[in-house]
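In what follows, a structure is listed as structure tokens, so that the remarks can point back to it.
The values are calculated or read from the model by the stated rules, or taken from the named source; none is laboratory data. All values reported here derive from a predicted model rather than from experimental measurement. So basically every Cβ, Gly included, is an ideal-geometry build from the backbone, and we count neighbours across all protein chains shown.
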Protein chains: 2
Amino acid sequence: MAEKLKIISLGGLNEVGKNITVLEYKNDILVIDCGIGFPDGEMYGVDVVIPNVAYLAKNRERICGIVLTHGHEDHIGSLPYVLTDINAPIFATDLTAGLVSLKLEEHKLLDIADINIIEPGKSFKIGCFTIEPIHVNHSIAGAVALAITTPLGIVLHTGDFKIDTTPIGCEMADLTRFGELGKKGVLCMLSDSTNAERKGFSPSERTVGHTFDSLFDRCKSRIIVTTFASNIYRIQQIIDVSARYGRKVAITGRSMENMIRVAAELGYLEIPKNILIELNQIKNFPKEQITIITTGSQGESMSALYRMAFSNHKQIEIIPGDRVIISASAVPGNEKTVSHIVNELFRKGAEVMYRGSMEDLHVSGHACQEELKVMLALVKPKYFIPVHGEQRHLIIHSELAKSVGIPHQNIVISDIGKVIEVGKKSININGVVPSGKVLVDGTGIGDVGSVVLRDRKHLAQDGMLVVVLSLSSEDGGIISGPDIITRGFVYVKEASDLIEEMRTLVTETIYACNANDITDWATLKTSIKTALSSYLYKTTRRSPMILPVIMEV
Amino acid sequence: MAEKLKIISLGGLNEVGKNITVLEYKNDILVIDCGIGFPDGEMYGVDVVIPNVAYLAKNRERICGIVLTHGHEDHIGSLPYVLTDINAPIFATDLTAGLVSLKLEEHKLLDIADINIIEPGKSFKIGCFTIEPIHVNHSIAGAVALAITTPLGIVLHTGDFKIDTTPIGCEMADLTRFGELGKKGVLCMLSDSTNAERKGFSPSERTVGHTFDSLFDRCKSRIIVTTFASNIYRIQQIIDVSARYGRKVAITGRSMENMIRVAAELGYLEIPKNILIELNQIKNFPKEQITIITTGSQGESMSALYRMAFSNHKQIEIIPGDRVIISASAVPGNEKTVSHIVNELFRKGAEVMYRGSMEDLHVSGHACQEELKVMLALVKPKYFIPVHGEQRHLIIHSELAKSVGIPHQNIVISDIGKVIEVGKKSININGVVPSGKVLVDGTGIGDVGSVVLRDRKHLAQDGMLVVVLSLSSEDGGIISGPDIITRGFVYVKEASDLIEEMRTLVTETIYACNANDITDWATLKTSIKTALSSYLYKTTRRSPMILPVIMEV
């Protein structure tokens, strides 16, 4: 049997975040991206979610490189956690590499990392793969697609992309190159499905600049703008419009400061001389000459904008009339926190421009249906694998592929961990590898699993109570206690009757056990738990976790 | 000093849900609505949130009635919790009364309630107030505004409303009557601010019917539709379009069944003969003759649609090709659960019509800016109080009021608990009454407060551990233990080293205390907590709740 390519998504399918794709041929493994995800509401206490890379760890000797398509967290965020396991050379464009370095430095891992800078149009070879990065548009600079020449043909991974005909600070995505590859023949394409359900063509980044212009023109107040720190193009436009209207620009928020520093060093930001000022200089300028760029577009409770809204920012206070522009959409799950901050800004007398009140304050960085079809029609891949999306996005994207002529049987909708085998004349799913979510809590990677989460959920819902008593080793009688300690169950100061009744119930339970010659502690504990939990459910409709502690004296 | 009217919102301002307004003149108190709210993410284990009605309880003798504007939960849901405190006569239109009865029956409170049916256009008198209900459009039938004639003039409360020129099953909101009152002179208006940030005019309920028509026409599959159970107009349209295309209709989901039964009994639903079938009859009809109306429009995990999507519904299984229509928008906070269900329906091969994939599947029941201005311009109130909204909605609504000519100083943006005093020639805020959220958990009303919630949050984040040891009463030496019990902290089976180190640390701590002649338990416990928590934070970056239990033997 002829060797086949294996393509495995270890993350990023049927979920949001933690994108990571594995491409294998014979002995060589290539890893594309290494992203992070964030906990959902049921993952109590979890900080971040990373992909299970057990399969890669087991085959670490075969990995010839980790290639990154761009510097967003959902594509690079897991590196600090997995590099200790699979320390392969990293390949990334300069801005992506700068962000990775910043991240690894924070985790004190920069020394062990081998980071190599790549450039659009300049191919490089790792293992049996020759990789050509291709410039694409996205909501971060330095984003590339990857055309990977393998012994069986070209595999094209679009990365996250959109097609912007009037981009800021860069060219339109290199459609010509995609077309050339299409003419040459592409064996298989993996493409970004994020916006597959959106009709039409995503608006250009430049449209937001027009909105900024209309909001800056003749504005006599301070202007405070928040956006995603990683969106350098947006930040460039805020700086440009500020320069145009004679405003100085102050920056607040750690991630914003970091991002602007890295991007400026690498030449991704053009900052006019003398336009940047420190926060403490704001007071030296009239209001109409001030722009403040801040973090907090998702309503994050530690962000600079949040602290301004709630009068908790050391240097900036909202003044009635301040024009606050929220140039971002709420990431699903953040709607309420954003709404919270907007309300508070209104209360402080700010004039807030946000998604609910006006349009064109933000554009997506992902291709909509017409762009996805342009990509499909240019590349004309033999086989197609929609990636980077939930089930509905993958299915809708596959319908788009059919509409431009890719046969139904040449499209594979996969799932995390499934092994797609691609030959010159075949594509099919064959087998699975270990995969899934690994939860990170503090320094613990993977030690919080279903048992711990189940307990945390139980504790969160109804709290807990510890029943402490000591029993005589001679006759099993109660020597001290029962004492009842509760946390998160009821307000103890107002529940003394309830606690007294629990103590009585435990005492009765012990005596009943004694009367029946039950002396083993496991049974005693179970009896106490059963008696208490049914009593408490009946009286309070709550089911706290009950921990009996028995000492023998 | 002349007596003034007092108007107090005990809920519904600067929050979502639990609408309740108090109107007072001299000795008479009128309560308008009595709604419920739902817990936010920080309210661990809380079932529902009700308004603090301590002020009403204290003045219960003065309350002459509770008037309900319509039957949505955020206007009637608290009745079962507060009726035991303030049992005043209830006044409501027939459908609202039907829903209230259903609710009170579930709570075994129907016997104590005095429910009176009111009708649009028919005034009634309670205390010094003469109340005229006025028909309005909303996303539930039987909704009314209230024109309340007081000794000082007319107070108009719009309730929740929209203006629908082509409504289903009812007339357009009675604009004529609002205009007549406006000509007569309205002292003060309170108006719904929910959609104050939306420009234009909210689309008619009928537009959704047109969408249904296009989705039913020539459809050869089963059609499964979900919407809010309370939206009888929507359900009427689903039944009508099913009849038009020769489909039978089956109903699933308890709240949907209840609602349809109550509405049909009261004549709010016109159901053609022989169109309704039982779920077990579905199999007797071809697919193109079946419509299923189901609960689950918010992705609720116990709902019928959820159970269908996850193959957990006893009678209905999704068949590839089923057309599923989600005729609702996700209530803020529910976006992820709706998305979850949509993905699973796609996976099962259903064709899903949802907000992301097509428009006009749902319309709001609240007035947009043009409608709000029509209401303001018709009623021309002397004083204006925007209600039912978050801060930004109230402020935007007040701007709308200014734009139609209400002077700035005649508008009051209030907050929960603040007392607005309205005289014939004055309006101002003067004082506050007790107010806020009361959390309901199980049968406990208000016993879960900040201490309990703080503990639940702590337990949810990092779990807990109990340290048990017994000490000699003679020399303070350790007789047994320390034993460590953890829940929700680490996976115990893989943390034996950590637990062993904790035991050693506790032992060392006790000996160190002994060496320093420290014997009082409070200090011992604090020492154990401090030692363990700093050790655990250093090694795991987690801070579990630590409960030392010491027994003296």
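Among the residues in segment A:242-249, are any assigned to a strand (DSSP E or B), among the charged types (D, E, K, R) and at pLDDT 95 or above? Spell out the reasoning first.
Of all residues in segment A:242-249, those assigned to a strand (DSSP E or B) come to A:248-249.
Next, from what is left, pick out any that are among the charged types (D, E, K, R): A:248.
Then keep just the ones that are at pLDDT 95 or above; that gives A:248.
Checked segment A:242-249: at least one residue is assigned to a strand (DSSP E or B), among the charged types (D, E, K, R) and at pLDDT 95 or above.
The single condition from (1) facing chain A (nearest Cβ under 7 Å); (2) of a type in the set (Val, Ile, Thr); (3) under 47 Å from the mean Cα position of the chain (by Cα) that B:Val553 fails is (3). Determine whether A:Glu73 is over 24 Å from A:Cys128 (Cβ atoms) and within 14 Å of another protein chain (Cβ to nearest Cβ). It is false that A:Glu73 is over 24 Å from A:Cys128 (Cβ atoms) and within 14 Å of another protein chain (Cβ to nearest Cβ). Against the condition among the acidic types (Asp, Glu), surrounded by 14 or more Cβ atoms within 10 Å (Cβ to Cβ) and away from every other protein chain (no Cβ under 14 Å), how does B:Glu421 come out, does it pass? Here the answer is yes, as B:Glu421 does meet what is asked. Filtered by the rule that a residue be exposed (fewer than 14 other Cβ atoms within 10 Å of the Cβ) and in contact with a strand residue (DSSP E or B) (Cβ under 9 Å, 6 or more places away or on another chain), segment B:505-518 gives a lone residue, B:Tyr511.
Residue-wise test of (1) more than 9 Å from chain B (Cβ to nearest Cβ); (2) over 25 Å from B:Ala460 (Cβ atoms).
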{"site": "A:Leu453", "(1), (2)": "no, no"}
{"site": "A:Leu465", "(1), (2)": "yes, no"}
{"site": "A:Ser472", "(1), (2)": "yes, yes"}
{"site": "A:Asp475", "(1), (2)": "yes, yes"}
{"site": "A:Gly488", "(1), (2)": "no, no"}
{"site": "A:Asp517", "(1), (2)": "yes, yes"}
{"site": "A:Asp520", "(1), (2)": "yes, yes"}
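Is it fair to say A:Met375 is away from every other protein chain (no Cβ under 12 Å), under 26 Å from A:Lys162 (Cα atoms) and touching a residue at least 12 places away in the same chain (Cβ under 8 Å)? Before you say what the answer is, go through the steps one by one.
Values: away from every other protein chain (no Cβ under 12 Å): yes; under 26 Å from A:Lys162 (Cα atoms): yes; touching a residue at least 12 places away in the same chain (Cβ under 8 Å): yes.
It is true that A:Met375 is away from every other protein chain (no Cβ under 12 Å), under 26 Å from A:Lys162 (Cα atoms) and touching a residue at least 12 places away in the same chain (Cβ under 8 Å).
The set of residues in segment B:35-47 that are in contact with a Gly (Cβ under 9 Å, 6 or more places away or on another chain), buried (at least 21 other Cβ atoms within 10 Å of the Cβ) and either among the β-branched types (Val, Ile, Thr) or more than 11 Å from every other protein chain (Cβ to nearest Cβ) (or both) comprises B:Gly35, B:Ile36, B:Gly37. The residues in segment A:212-227 that are out of contact with any helix residue (DSSP H, G or I) (no Cβ under 7 Å at 6 or more places or on another chain) and buried (at least 21 other Cβ atoms within 10 Å of the Cβ) can be counted, and the count is 1. Going through (1) within 14 Å of chain B (Cβ to nearest Cβ); (2) more than 21 Å from A:Ser101 (Cα to Cα) one by one, A:Leu5 falls short only on (1). With respect to the conditions (1) in contact with a Leu (Cβ under 7 Å, 6 or more places away or on another chain); (2) more than 14 Å from chain A (Cβ to nearest Cβ); (3) among the hydroxyl-bearing types (Ser, Thr, Tyr), B:Ser193 lacks only one, and its number is (2).
Scanning segment B:176-208 for residues that are crowded, with 23+ Cβ neighbours inside 10 Å and of a type in the set (D, E, K, R) returns B:Asp192, B:Glu205.
Looking only at segment B:153-164, decide whether some residue is surrounded by fewer than 18 Cβ atoms within 10 Å (Cβ to Cβ) and outside any strand (DSSP E or B). So far as segment B:153-164 goes, no, none of its residues is surrounded by fewer than 18 Cβ atoms within 10 Å (Cβ to Cβ) and outside any strand (DSSP E or B). Screening A:Ile479 against (1) under 22 Å from B:Leu439 (Cβ atoms); (2) within 9 Å of another protein chain (Cβ to nearest Cβ) leaves a single unmet condition, (1). Under 6 Å between Cβ atoms, at least 6 apart or on separate chains: pull out the pairs that start in segment A:393-417 with a residue that is modelled with pLDDT of 95 or more and end on any residue that is assigned to a loop (DSSP other than H, G, I, E, B) and hydroxyl-bearing (Ser, Thr, Tyr). Once the first residue is modelled with pLDDT of 95 or more and sits in segment A:393-417, its partners that are assigned to a loop (DSSP other than H, G, I, E, B) and hydroxyl-bearing (Ser, Thr, Tyr) give A:His393/A:Ser193; A:Leu394/A:Ser193; A:His397/A:Ser193; A:Ile416/A:Ser435; A:Gly417/A:Ser435.
Of the residues in segment A:520-541, how many are assigned to a helix (DSSP H, G or I) and touching a Gly at 6+ places or on another chain (Cβ under 6 Å)? If you could, list the steps in order and put the result at the bottom.
Going through segment A:520-541, the residues assigned to a helix (DSSP H, G or I) turn out to be A:521-540.
Still in the running and touching a Gly at 6+ places or on another chain (Cβ under 6 Å): A:540.
Of the residues in segment A:520-541, 1 are assigned to a helix (DSSP H, G or I) and touching a Gly at 6+ places or on another chain (Cβ under 6 Å).
The residue that is nearest to B:Thr539 (Cα to Cα), counting only those in segment A:443-453 that are surrounded by 16 or more Cβ atoms within 10 Å (Cβ to Cβ) and modelled with pLDDT under 90, is A:Gly444. Whether any residue in segment B:335-349 is of a type in the set (S, T, N, Q), touching a residue at least 40 places away in the same chain (Cβ under 8 Å) and more than 14 Å from chain A (Cβ to nearest Cβ) is what I want to check. No.
Count of segment A:383-414 residues, restricted to those that are surrounded by fewer than 19 Cβ atoms within 10 Å (Cβ to Cβ) and either within 22 Å of A:Lys184 (Cβ to Cβ) or of a type in the set (A, V, I, L, M, F, W, C) (or both), is 4.
Within segment A:8-34, how many residues are of a type in the set (Gly, Ala, Ser) and within 14 Å of chain B (Cβ to nearest Cβ)? Break it down into steps so the answer makes sense when it comes.
Step one: list which residues in segment A:8-34 are of a type in the set (Gly, Ala, Ser), which gives A:9, A:11-12, A:17.
Filter again for within 14 Å of chain B (Cβ to nearest Cβ), leaving A:17.
Residues flagged as of a type in the set (Gly, Ala, Ser) and within 14 Å of chain B (Cβ to nearest Cβ) within segment A:8-34 amount to 1.
Between A:Ile50, A:Ile7, the distinction of being of a type in the set (A, V, I, L, M, F, W, C) and closer than 23 Å to A:Met189 by Cβ belongs to A:Ile7 only.
Which members of segment A:98-108 meet the condition of being in contact (Cβ under 8 Å) with a residue 24 or more places away in the chain and either in a helix (DSSP H, G or I) or over 21 Å from the mean Cα position of the chain (by Cα) (or both)? Scanning segment A:98-108 gives A:Gly98, A:Leu99, A:Val100, A:Leu102, A:Lys103, A:Leu104, A:Glu106.
Quick check on this structure: which one of A:Ile163, A:Ile238 is among the hydrophobic types (A, V, I, L, M, F, W, C) and more than 24 Å from the chain's Cα centre (by Cα)? It would help to see each step written out before you state the result.
Numbers: A:Ile163 fails: more than 24 Å from the chain's Cα centre (by Cα).
Among A:Ile163, A:Ile238, only A:Ile238 is among the hydrophobic types (A, V, I, L, M, F, W, C) and more than 24 Å from the chain's Cα centre (by Cα).
Identify, from the list B:Leu459, B:Leu471, B:Leu465, the residue that is touching a Ser or Thr at 6+ places or on another chain (Cβ under 8 Å) and surrounded by 21 or more Cβ atoms within 10 Å (Cβ to Cβ).
B:Leu465
From the list B:Glu359, B:Glu370, the lone residue that is surrounded by fewer than 19 Cβ atoms within 10 Å (Cβ to Cβ) and farther than 28 Å from A:Gly321 by Cβ is B:Glu359. Scanning segment B:26-48 for residues that are more than 21 Å from A:Gly488 (Cβ to Cβ), touching a strand residue (DSSP E or B) at 6+ places or on another chain (Cβ under 8 Å) and assigned to a loop (DSSP other than H, G, I, E, B) turns up B:Asp33, B:Cys34, B:Gly35, B:Ile36.
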